[in-house]
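Engineer: Mind looking over this structure? Questions follow.
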Amino acid sequence: MQKVDIKAMNRAQLTRWLADELEVGPTRANAVFRALWQQGARTFGEMEGVGRELRAQLEPVAEIRSLEPEIELASDDGTRKFLWKLHDGHTIESVLIPDGDRLTLCMSSQVGCAMACTFCLTGDLGLKRHLTASEIANQPLQIQKLLPEGERITNLVLMGMGEPLHNLPALVPALENLLDDHGMKFSHRRITVSTVGLVSKMGELAAALPVNLAVSLNATTEAQRRQIMPITKKHSMAELLQACRDFPLPPGKRITFEYVMFRGFNDSLEDAERLWGLLEGIPAKVNLIPYNENPHRDLKRPDDATVKAFQHWFVSRGMSCTVRTTRGIDISAACGQLGRMREQAAARA
Ligand code: SAH
């Protein structure tokens, strides 16, 4: 009999399963949940606050899955990249980014990605498979356990490998466990899900969880976006922006529009003006990401003055517009560089 992946369930599912399977009540179910998501128990034997008898009953029917650490790289700027091996041999990456009093973890949601954005190296892999809920939530859980006492991951961004909205059935329970008061207790204000714009799934995410939404827009005309983001053939940019207008945002919240800037492609002031027009009527902020160059693409990042001028266009009109600093470039941990670590490690050897 296949054992149940106990960390793939949210607390309600776990409670129901324990009741049905082992006639365990909600109080003891909560204790099991806390042992998994607060203590980070790797075996039933080491679970604290759970009776010996229940631990023994769980052993034959369930398993606690963990990610196997394969390589960890540290950048000169303090960024750390973790390569994890999954039970079937696939690998995924997570990136930990210290920035002032923030410690942000950039997490993966899939092995590879099906979206095939032309500029993104993860896209080259294609979609190998979806991550399970336990594989998604284990990234912050296991990294938190590696940190020294008193150091805490403060923010989670689903901006690693994969398209999170393409894997909602696993993403939702994973985030529920990270948010849960008996779990990792993250605030929903500190979790951001980034999407290429899977219009059909945006409402579903909002209905399930009140987390922050980021949309990778990256272009200002339909033709331009079609060139670099194939998803535009399925959902036009107009349709995406309408979905953003319809997105049920809590008061005071805004959608972040990520805009990767490519030299001579989408970095002109005409682009800035068009982008401004596109965002009309949407509570929005803009995050500019100067393209991270790499040997696998001819694309170039604009010079700093061009990025600054683009930013100024928004800021001078009262819209929040930040420029994402490139972090972890020396360890290929920057945006769009994930998924090539094996190659890189081989090249170093
Ligand atoms: N699939 C989701 C999550 C990935 S987030 C999404 O697309 O939003 C990765 C972010 O990095 C996206 O905004 C993407 O457009 C951007 N990106 C990808 N490759 C990049 C590169 N080489 N340089 C800068 N940003 C890049």
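Engineer: Please list the non-local residues whose amide H lies under 5 Å from the amide H of Ser194, H modeled 1.01 Å from N, same-chain partners needing a gap of 5 or more.
Structural biologist: HN-HN under 5 Å from Ser194: Leu158, Ala214.
Engineer: Might you tell me the accessible area per residue for the chain, computed with a 1.4 Å probe and given in Å²? It would help to have the intermediate numbers written out before the result.
Structural biologist: Details: 15560 Å² over 349 residues.
Per-residue value: 45 Å².
Engineer: Oh, and also: How would Thr79, Thr306 line up by accessible area, probe 1.4 Å, largest first?
Structural biologist: Thr306, Thr79
Engineer: On to the next question. Do any cysteines in the chain lack another Cys Cβ under 4.7 Å, and if so which?
Structural biologist: Among the cysteines of the chain, those whose Cβ sits 4.7 Å or more from every other are Cys106, Cys113, Cys244, Cys321, Cys335.
Engineer: A further question follows. Could you give the dipole magnitude of the range 68-348 about its Cα centre, charging the beta-carbon of Lys and Arg +1 and that of Asp and Glu -1, in debye to the nearest 20?
Structural biologist: Roughly 320 debye, rounded to the nearest 20.
Engineer: Tell me, what HN-Hα J-couplings in whole Hz come from the Karplus equation 6.51 cos²θ - 1.76 cosθ + 1.60 at θ = phi - 60° for each residue of the range 317-327, using x for Gly and Pro?
Structural biologist: 9, x, 9, 5, 9, 10, 10, 6, 6, 6, 10
Engineer: Helix-derived [θ] at 222 nm for the chain: sum -39500 (n - 2.57) over DSSP H runs of at least 4, divide by residue count, nearest 500?
Structural biologist: Working: 13 runs with 119 residues, N = 349.
The per-residue figure over the chain is -9500 deg cm²/dmol.
Engineer: Quick check: the angle from helix 304-315's long axis to the longest principal axis of the chain, C-alpha only, nearest 10 degrees?
Structural biologist: Rounded to the nearest ten degrees, it is 80.
Engineer: Still on this structure, I have one more. With a cap of 12 neighbouring Cβ atoms within 10 Å, and only residues DSSP puts in a loop, list the trypsin sites (Lys or Arg not before Pro) found in the range 223-317.
Structural biologist: Answer in residue order: Arg317.
Engineer: If you average 1/r across every pair of different Cα atoms in the range 177-298 and take the reciprocal, what Kirkwood value do you get, in Å?
Structural biologist: Details: mean 1/r = 0.0642 Å⁻¹.
15.6 Å is the Kirkwood radius here.
Engineer: Placing unit charges on C-beta atoms (Lys and Arg positive, Asp and Glu negative, everything else neutral), compute the dipole magnitude of the range 4-63 about its Cα centre in debye, rounded to 20. List each step's numbers first, then the result.
Structural biologist: Working: 8 positive and 9 negative charges, 51 e Å.
Using only the charged Cβ atoms, the result is roughly 240 debye.
Engineer: Give me the lysines in straight-line cross-link reach of Lys308: C-alpha distance below 24 Å, same-chain residues under 8 apart excluded.
Structural biologist: Partners found: Lys285, Lys300.
Engineer: Using alpha carbons only, what's the Rg to Rh ratio of the chain with Rh from Kirkwood?
Structural biologist: 0.99
Engineer: Now for a separate question. Give the long-range amide H neighbours of Glu258: residues separated by 5 or more places, or on another chain, with amide H under 5 Å away, using H modelled in the peptide plane at 1.01 Å from N.
Structural biologist: Val215, Ser216, Leu217, Asn287
Engineer: May I ask for the longest run of the chain untouched by GluC sites (Glu not before Pro) that are loop-located per DSSP and have at most 14 neighbouring C-beta atoms (other than their own) within 10 Å?
Structural biologist: 152-279
The values are calculated or read from the model by the stated rules, or taken from the named source; none is laboratory data. Keep in mind that what you see is a predicted model, and the values were worked out from it rather than measured. All Cβ positions, glycine included, derive from the backbone under ideal geometry; neighbour counts span all protein chains shown. The accessibility values were calculated without ligands, DNA or RNA, using every heavy atom of the protein model including side chains. Shrake-Rupley method; radii C 1.70, N 1.55, O 1.52, S 1.80 Å.
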